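See below for the structure under consideration.
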Amino acid sequence: MAGRINDDDIKAVRNAVPIDAVVSDYLQLRSAGGGQLKGLCPFHDEKSPSFHVSPAKGFYHCFGCQEGGDTVDFVMKMEHLSFAETIERLAAQAGITLRYEEGGYTPGRQQGERTRLVEAHRVAAQFYTEQLGGPEAGIGRRFLAERGFDQAAAEHFGVGYSPAGWDHLTRFLRGKGFSDKELVLSGLSQEGRRGPIDRFRGRLMWPIRDITGEVVGFGARKLRDDDNGPKYLNTPETPLYRKSQVLYGIDLAKKDIGKQSRAVVVEGYTDVMACHLSGVTTAIATCGTAFGGDHVKILRRVLMDNSRSEVVFTFDGDAAGQKAALRAFEDDQKFAARTSIAVSPGGMDPCELRLAEGDEAVLKLVEERSPLFEFAIRSFVRQHNLDTAEGRSAALEESAPVVARIKDPSIRHDYAVQLAGMLGILDEMFVVRRVGQLARFARERADGRQPQPPGRGAPLPPEPQPPRGPAVNLRNPALQVERELLKLALQHPHLVAPTFDAYREDEFTAPPYAAVRDAIERAGGVTGADDAFLVRVRDQAPDDTVRSTITELAVEPLRTRREADELYAGEHLVAVRLKAVERAIADVRGRLQRLGPHAPPDQLTAAQNELWVLQQYDRSLREGGAGAL
């Protein structure tokens, strides 16, 4: 049974790994002002960034889906790890040796499953790269050389070679302490008649890494004619590897994708290599599957997807390549970025183009891209005989729904005019009206209505549904002062100490805010705030809802353009107290009205004295500000 990780080591791991460094491995972050960072949330689809990170506080919060927490919470949710696995992973990144209680630490037995599988892949990748230099791998080195890749290129991308025997890797990993169960679960081995054997044998090997750079699978290229397997053999679906959720080269390309606001999607491992070596360092590829919705989500986060960013698809010029491009068009509407297509001359892929015409040709291919909308429309138009009225009509009915799916009305209008020109229809407005009819039909159907199809035409493909999340009101004007004071207490406790600690829970009118105030008090108050203050406050939250609110308030930027200071803090301390005094005055006045003129004199006098004291306090607060608190 695994021992419990020492509490001091857990604390050391939390402090050693900056949250912005961890989150930046998964998405592009940009300044949100006030020391805050923001990006597109990795936990739900969104068009504009609502995911905020506070490096100073070590917390993140999404104002769209309400996910929030610290570095450990983020990695647990992103990688679906247990708490112990997450601590082990972050400790390895920080170079911290963990101590385990209840009997100490036995390497290999107490690590979590995912940690073990990742380590097996790391060792396997190193094994394969070492094998590439051996005599047997000469065929693999020739394959690379024939495609313009030298030893330095192979090392940069971690290309290796799997020996042709039955169990070379399996025996090697067993010697490193991995069990047969782990080897089969990882996809590195498979069950044979007499036990596990290597899955990949006699092939050129490309390590497939996730966005953080960890090896999660392999792509294997056939080299010999007597190999009866497929041309490319990939790792099967495993706890680490989901082919629809990985992009080859994303670990190498992500920084330049963020800097250039451009991603180039190619079709294969050698195409990624050719592009990067030619200077197109934003190239990535899918792994044995079509580009789909999960890939879109990854790219959008890395791109900081917006109208200024761009995704360029490169496909062969043959029929299969055009089909792939049209599949990409189906996902285009999920991007805010512009989408383009680059079709290489003569049907060559980027690897072949580089070999035939050099690096400049690959750069030129990407620079001479054309809009994906235009490519998709022309592909449909070319399928018809435009010399006949019947052909032009058929081309219109097949192409108009494609134009109608364009979300931006002005772009849709421009392409409708272009479509009329492609078809040779002189009455441009006829085509524009037809596209408009189809666009309205699609919108009404997406809204759940059952409209009649607008005349003749092929059925429309479904439009992507807009992301739907909980309706969250984070800016209720009546609560803004309370919210800002709690943000100050969590983000800058020294500015409101010790006055804030004297505030009662009932001075915060919103129940969630009162609960946050109570958690702060039970955590020792702002007067005793130290580096672990926020962690203590979150630990005192009675439930996940309050814990999420605390994280949100700790991350949300203050509503001031200047630096937070004692004057700003004093203004909000006074404002919250004034509102509390105003409520108390209203309560006393209501009590006096209920008592009436014939009430017992002592009760009337007490209420009148209480009202007078409150009114004097209200006046002094308004005139003296924070000095009257």
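By the beta-carbon count within 10 Å of each Cβ, the least crowded to most crowded order of VAL613, VAL526, fewest first, is VAL613, VAL526.
Note that the stretch 65-75 has calculated 3J(HN,Hα) couplings of 10, 6, 6, x, x, 9, 4, 5, 4, 4, 5 Hz, one per residue in order, obtained from phi through the Karplus relation 6.51 cos²θ - 1.76 cosθ + 1.60 (θ = phi - 60°); glycine and proline are x. Placing dummy labels 7 Å off each Cα toward the beta-carbon, the span from ALA628 to ASP543 is 3.9 nm.
Rounded, prolate or oblate: pick one for the stretch 477-628, where a ≥ b ≥ c are the square roots of the eigenvalues of its C-alpha gyration tensor, a/c under 1.5 means rounded, and failing that, prolate if a/b is larger than b/c, else oblate. Prolate.
Apply the a/c threshold of 1.5 to the C-alpha gyration tensor of the chain and tell me whether it is rounded, prolate or oblate. Cα axes put the chain in the oblate bin. By the gyration tensor of its Cα atoms, with a ≥ b ≥ c the square roots of the eigenvalues, what is the shape of the stretch 587-627: rounded for a/c under 1.5, prolate for a/b over b/c, or oblate? Judged from the Cα gyration tensor, the stretch 587-627 comes out prolate (a/c at least 1.5, a/b above b/c). Could you give the angle, 0 to 90 degrees to the nearest 10, between helix 7-16's Cα long axis and the longest principal axis of the Cα atoms of the chain? So the helix axis and the longest Cα principal axis differ by about 70 degrees. For the stretch 612-629, backbone phi angles converted through the Karplus equation (6.51, -1.76, 1.60; θ = phi - 60°) give residue-by-residue couplings of 4, 4, 5, 5, 5, 5, 4, 5, 5, 5, 5, 8, x, x, 4, x, 8, 5 Hz, Gly and Pro being listed as x. The loop-placed GluC sites (Glu not before Pro) in the stretch 341-438, going by DSSP, that have at most 15 neighbouring Cβ atoms within 10 Å of their Cβ come out as GLU368.
Report summary: the helix-based calculation at 222 nm, which adds -39500 (n - 2.57) for every DSSP H run with n ≥ 4 and divides by the residues of the chain, gives -15500 deg cm²/dmol. For the chain, a crude dipole built from +1 on the beta carbon of Lys and Arg and -1 on the beta carbon of Asp and Glu, taken about the Cα centre, is about 840 debye to the nearest 20.
Around the Cα centre of the stretch 7-94, unit charges on the Cβ atoms of Lys, Arg, Asp and Glu (plus for the first two, minus for the last two) sum to a dipole of about 420 debye. Using just the C-alpha positions of the stretch 113-241 as equal point scatterers, what log10 of I(q)/I(0) does the Debye formula give at each q in 0.17, 0.20 1/Å? Here log10 of I(q) over I(0) equals -0.84, -1.17.
When the C-alpha to C-alpha distance is required to be over 24 Å, the pairs from LYS77/LYS176; LYS254/LYS487; LYS38/LYS364; LYS11/LYS77; LYS47/LYS259 that qualify are LYS77/LYS176; LYS254/LYS487; LYS38/LYS364.
Sparse packing (at most 14 other Cβ atoms within 10 Å of the Cβ) combined with a DSSP loop state is found for the following trypsin sites (Lys or Arg not before Pro) in the stretch 407-438: LYS407.
Neighbour counting of Cβ atoms within 10 Å sorts the residues HIS494, HIS384, HIS168, fewest neighbours leading, into HIS494, HIS168, HIS384.
Near ILE5, the amide H atoms lying under 5 Å from its own belong to GLU101; only residues 5 or more places off or on other chains count, and H is placed 1.01 Å from N.
Work out the charge dipole of the stretch 113-241 with +1 on the Cβ of Lys and Arg and -1 on the Cβ of Asp and Glu about the Cα centre, then indicate which of PRO163, GLY133, ILE208 is farthest towards its positive end. Comparing the listed Cα positions along the dipole, PRO163 ranks first. Using Cβ counts within 10 Å as a stand-in for footprinting exposure, how do GLU310, GLU130 rank, fewest first? Ranking GLU310, GLU130 by Cβ neighbours within 10 Å, fewest first, gives GLU130, GLU310. Subtracting the Cα-Cα distance of PHE43 and GLN260 from their residue separation scaled by 0.36 nm leaves 75.7 nm. Three principal axis extents describe the C-alpha atoms of the stretch 383-446; from largest down they are 35, 20, 17 Å.
A short reminder: the numbers here are calculations on the coordinates, not readings from a lab. Small disclaimer: the values here were computed from a predicted structure and weren't measured. FYI the Cβ positions are ideal-geometry reconstructions off the backbone, even for glycines, and counts take in every protein chain you see.
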